[in-house]
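This report refers to the structure that appears directly beneath it.
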Amino acid sequence: MDNKVSKKRDSKWVKKLKQKIYTWHRIIGIITVIPVIFWCLSGVMHPFMAHFFKPTIANERLEQTTITPTDIPLSIQSVLAKNGLKQIKNFRIVSFVNAHFYQVKTVDNVLHYYNTATAVELANGDAKYAEYLSRYFLDDQKSRVVATEMLTEFDSQYKYVNRYLPVYKVSFDRDDAMQVYVETSSSKLATFNPKSRQFFIWFFDVFHNWSFLDAITNNAIRVWIMIVLLSIIVLSALSGIVIYGLFWKVFKKQVATDSKTKLRFNHRKIGIAVAFVTLTFALSGAYHAFSKLKPNNLSSMVYEPTIDVAKLSLENNKLALDWSAFLNSSLIQLKNDVYYQVVLKGEEKKTKTVYINAKNGTINKNAELEYVHYLAHHFSDKMAGKGACCEMQDPEECKASTDISNAKLLETKTLYDFEKREYGFVNKRLPVVKLAYDTPKKATYYIEPSSSHLAAVITNAERLEGYSFAIFHKFLFMDWAGKGIRDLVTVIAAMGLLTVCILGLLLFLKNRKQ
C-alpha cells in the first residue's frame, strides 16, 4: 500500500516537473524564435551566395614586372632633395600612366608620387593610382568612376575580415554598381563588391551580426545581447530534449489527426533531429561573439619609424645587384641600421628578398630573420601597452598571453601559402614569417616583412575559439567531402533548425487562438 502511495506521489511530482519544463520550453522558445529565424536565413545565404552568386574579377593581383636602372634615372636621394624632404617613413617604385614614380610615405603618413625622371610630384597621385589599380583589377578602362573615397576605418560594407587599412574605395558607373577596394601602399586588391554582394553584406551584417544595435548602443552591449539570446537558445534546445525524453511513451502512442497535432508532432520530430546542431550552432556562435569583446588593434600593428635621408649613403639606382631580376625596393630600419629591402624574381613565381645596408652596401643574409624577431618583440610590447585583450580578462593575464620578452623561440617558418588549421586565407597577408614561442599560452606571431605588419598573433585561446567556430559553426570537419557537400550539409542543418522554429511559432499562434 505504501509503495502505491509513494508511486502515486512520484507520478504527481514528475507530472508537475514535466508541465513546468514544457511551459518554460514554450516561453524561452518564443523569446528566441525571431532571432533564430534571422540567424538561419542570413546563415543560409552565406554558402548560397558563395556557390550561385560568387562575384569574379579579371585580375586578383598586380603582375610584377622588372625595373631597370634606366626606368629610375634619378635616385631616391636626388628626388627627395629636390622636394626638400629630409625625413621619410618609406618609399617604393610604382609604374602607371606610362611612367615610373617613387611612392614616398612622408612623416605625416601621406603617400606622394614623384616622377623618377623629373622629380616632379604627381598631383592627387594617390587617388589616381587607386583608380589605375581598380581599373587594372577590373580590366575596365571605359566605365566612369562615380566616387573615390579613402577609408581609414572598417564600415558596414568594408568589414574587418578584409584586414587592409587604409584603402581606397572606387565606385564605378556600371550595371553591377561595382565597388573596388585597393591598398595603394602595397598595390593590393582588398576586396570588390558588385551590387548583389553589397546587398548580401548588408543583409548578413544586419540580421546575423545585428549591426543595427550599433546605432543605438555600443559593441559590448550588442555582443552581450547576442550571447544572452544564444544562451536562451541552448536552454530551449536542452529543455526540448528533456521533454521528448520524459514524454517518450506518450508521444509514441500519439497519432497525428488534426492540424495542431500534426504541427506538434513534426515540431518534436524535426526538433530532436536537429537538437545537436542547434546546440553546436548556438554554443560556437556565443563563443565567437564573446571573442568580439576583444579590442581590434591588428590594423594598427605596423612598424614605421622615421628614417633620416642622410643615412642613405648609397644611391638606390646604383646598388650592386642583379638588375635583370629587380622588381622593387623599399627601406627597413633594424636597430640603428637602415637597409634597402630589395625584391628580386625567384623560382616558381616566388620572389626572394635581399637586404643591403644603405650605408656601406654589405648584404646581411640574416637580416630578415633578425628583423621579424625584432618586430615580434616590438608588437608584443605594443599590444601589452594597448591592452589588446578581452574586457573580461585580467590585464596581467592578458599581457602574459602575448608577452614573449623571455620566451624561447620554438619554430621559425616562412609561409608562401595559407594553412587550413591556423593561418587561413582570412588573414590576407602573404608571404609571412611564422614565429612560435614557448609561452604559457603558446603565442605564435605571423609577420609580413615586406610591409612590417603584424599579420596575426594566435594563442591557445584564439586557437580554441577558431576550431570551435570552424568545426561547429562552419562545419569544416566536412572538408574531406569537398566544399560543395560541406556547404550543402550546413544549409540542410540550418534549414532544419529554421523549420523547427517556424513550426513552433505556428503552434504557439494556434494555442493563442484557442
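The values are calculated or read from the model by the stated rules, or taken from the named source; none is laboratory data. Fair warning: this is a prediction, and the values are worked out from it, not measured in the lab. Please note: Cβ atoms are built from the backbone with ideal geometry, for glycine as well, and neighbour counts cover all protein chains shown. What goes into the accessible areas is simple: the full protein's heavy atoms, side chains included, and nothing from ligands, DNA or RNA. Shrake-Rupley method; radii C 1.70, N 1.55, O 1.52, S 1.80 Å.
Filtering the range 27-50 to residues that are over 26 Å from GLY484 (Cβ atoms) and in contact with a Gly (Cβ under 8 Å, 6 or more places away or on another chain) leaves GLY29, ILE30, VAL33. ILE471 satisfies every condition listed in (1) within 24 Å of ASP403 (Cβ to Cβ); (2) over 16 Å from the mean Cα position of the chain (by Cα); (3) not in a loop (DSSP other than H, G, I, E, B) except (1). Apart from one condition, SER75 fits all of (1) modelled with pLDDT under 90; (2) of a type outside the set (D, E, K, R); (3) open to solvent by less than 40 Å² (accessible area, probe 1.4 Å); (4) more than 30 Å from THR191 (Cα to Cα); the exception is (1). Within the range 416-429, one or more residues are surrounded by 18 or more Cβ atoms within 10 Å (Cβ to Cβ), polar (S, T, N, Q) and either modelled with pLDDT of 90 or more or in a strand (DSSP E or B) (or both).
For the range 220-236, the tally of residues that are under 21 Å from the mean Cα position of the chain (by Cα), surrounded by 14 or more Cβ atoms within 10 Å (Cβ to Cβ) and in contact (Cβ under 8 Å) with a residue 40 or more places away in the chain stands at 3. Look at (1) of a type in the set (A, V, I, L, M); (2) out of contact with any Leu (no Cβ under 9 Å at 6 or more places or on another chain); (3) more than 27 Å from LEU430 (Cβ to Cβ) and you find that VAL161 fails only one, number (3). The residue that is surrounded by the most Cβ atoms within 10 Å (Cβ to Cβ), counting only those in the range 449-464 that are over 16 Å from the mean Cα position of the chain (by Cα) and over 16 Å from LYS408 (Cα atoms), is SER452. Take the conditions (1) farther than 30 Å from ILE502 by Cα; (2) in contact (Cβ under 8 Å) with a residue 60 or more places away in the chain; (3) open to solvent by 40 Å² or more (accessible area, probe 1.4 Å); THR118 misses just one of them, which is (2).
Considering the range 177-211, the residues that are touching a residue at least 40 places away in the same chain (Cβ under 8 Å) and part of a loop (DSSP other than H, G, I, E, B) include one that is nearest to LEU151 (Cα to Cα), namely THR184. Taken over the range 130-149, the criterion of being touching a residue at least 24 places away in the same chain (Cβ under 8 Å) and either among the aliphatic types (A, V, I, L, M) or not in a loop (DSSP other than H, G, I, E, B) (or both) is satisfied by ALA130, GLU131, TYR132, LEU133, SER134, TYR136, PHE137, LEU138, VAL145, VAL146, ALA147. With the requirement that a residue be outside any strand (DSSP E or B), of a type outside the set (A, V, I, L, M, F, W, C) and more than 30 Å from the chain's Cα centre (by Cα), what does the range 81-97 give you? Correct list: LYS82, ASN83, GLY84, LYS86.
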